[in-house]
């Protein structure tokens, strides 16, 4: 691991270990919705982790938005992760950052973060999951399980990868990509303990109710 655990890092890792429902506040789907109200509805609906993703937003815009949404997320006891910008995450003081395969690599990500922050990384195969595990991120994303408009250039990895990665590496794994109320039962049946939901929440028209329904399905399926 990159850092010797301190008290705050230990607390964050303990909260991460208990987390099963990860939602992404993706600015490309937010539209005219109030981001503060959206995160309040997410956490009230049972979301454990919220990631801010703004692929086309400037660092100034991301910083301003983080300052708005961090207080209600923290008040709700959820974790807040910034996508793609570990250096900015360290400056702002988020709970952590998430990087992709094409960013800078896990050692680079660790080098940008403070010693008490979490780091997650996207993986798309058993090989990538095993390679990531060598550098000990706090968690990995596994997917895209199904085709998703969020990542149109990515080939779906399919349900079998869930069990394959689960057997290969021992760290929190969040299944992502086309996960919604319709597909969630299949994802859970394939062995997933943790999931990420993105566009389905933000396009639902009722964030609170949608999150509650996802949470109910998760709670009805004990995690291992």
**Q.** Test result for residue 179, within 12 Å of residue 123 (Cβ to Cβ), touching a residue at least 12 places away in the same chain (Cβ under 8 Å) and touching a helix residue (DSSP H, G or I) at 6+ places or on another chain (Cβ under 9 Å)
**A.** no
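Yes/no matrix, rows are residues, columns are (1) farther than 26 Å from residue 209 by Cβ; (2) free of Cβ contacts under 8 Å to residues at least 40 places away in the same chain; (3) in contact with a helix residue (DSSP H, G or I) (Cβ under 9 Å, 6 or more places away or on another chain):
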position: 8; (1), (2), (3): yes, no, no
position: 11; (1), (2), (3): yes, yes, no
position: 17; (1), (2), (3): yes, no, no
position: 20; (1), (2), (3): no, no, yes
position: 24; (1), (2), (3): no, no, yes
position: 32; (1), (2), (3): no, yes, no
position: 38; (1), (2), (3): no, no, yes
position: 41; (1), (2), (3): no, no, yes
position: 44; (1), (2), (3): no, no, yes
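In region 1-57, what count of residues is obtained for those that are in a loop (DSSP other than H, G, I, E, B), under 17 Å from the mean Cα position of the chain (by Cα) and surrounded by fewer than 16 Cβ atoms within 10 Å (Cβ to Cβ)? Full working, then the answer.
We begin by selecting, within region 1-57, every residue in a loop (DSSP other than H, G, I, E, B); these are 1-6, 19-20, 31-34, 45-48, 54-57.
Now restrict to residues that are under 17 Å from the mean Cα position of the chain (by Cα): 19-20, 45-48, 54-55.
Next, from what is left, pick out any that are surrounded by fewer than 16 Cβ atoms within 10 Å (Cβ to Cβ): 55.
Within region 1-57, residues that are in a loop (DSSP other than H, G, I, E, B), under 17 Å from the mean Cα position of the chain (by Cα) and surrounded by fewer than 16 Cβ atoms within 10 Å (Cβ to Cβ) number 1.
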Q) Of the residues 132, 147, which is within 21 Å of residue 192 (Cα to Cα) and crowded, with 22+ Cβ neighbours inside 10 Å? A) 132
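The numbers here are math on the coordinates, done by the rules we state, and not lab data. What you see is a predicted model; the values in this text were computed from it and never measured. So basically every Cβ, Gly included, is an ideal-geometry build from the backbone, and we count neighbours across all protein chains shown.
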